[in-house]
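Participant: Sharing a structure with you now.
Laboratory data are not the source of any read-out in this text; all were calculated from the coordinates shown. For clarity, every value in this text was computed on a predicted model and none was experimentally measured. So basically every Cβ, Gly included, is an ideal-geometry build from the backbone, and we count neighbours across all protein chains shown.
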Ligand SMILES: [Zn+2]
């Protein structure tokens, strides 16, 4: 289930967000730990919703502050822009 829009989707339609070794939220299938899921086709929108409603802490079962959530949204935004400029 997506932490943003709460839609239940197949795992191949979702991307996984975990807390990386540096303490920042990162998109990764491989990093260990509890993950939260976002729709891959609307990751930016769903991450924004999750951040606004403060759902990361619950989904990841650890404190996630607003700045961390915002940095993840920024990273997704940049990834989107890079994909568009390709
Ligand atoms: Zn979603």
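Participant: Could you estimate the translational diffusion coefficient of region 11-85 from the Stokes-Einstein equation, with Rh from the Kirkwood formula over C-alpha pairs, at 10 °C and 1.306 mPa s, in whole µm²/s?
Facilitator: 129
Participant: Can you compute the modelled spin-label distance between residue 53 and residue 9, with each label point 7 Å from Cα toward Cβ, in nm?
Facilitator: If labels sit at residue 53 and residue 9, their model points lie 1.5 nm apart.
Participant: Roughly what % antiparallel, to the nearest 5, for the DSSP beta bridges in the chain?
Facilitator: Percent antiparallel among DSSP bridges in the chain is about 90.
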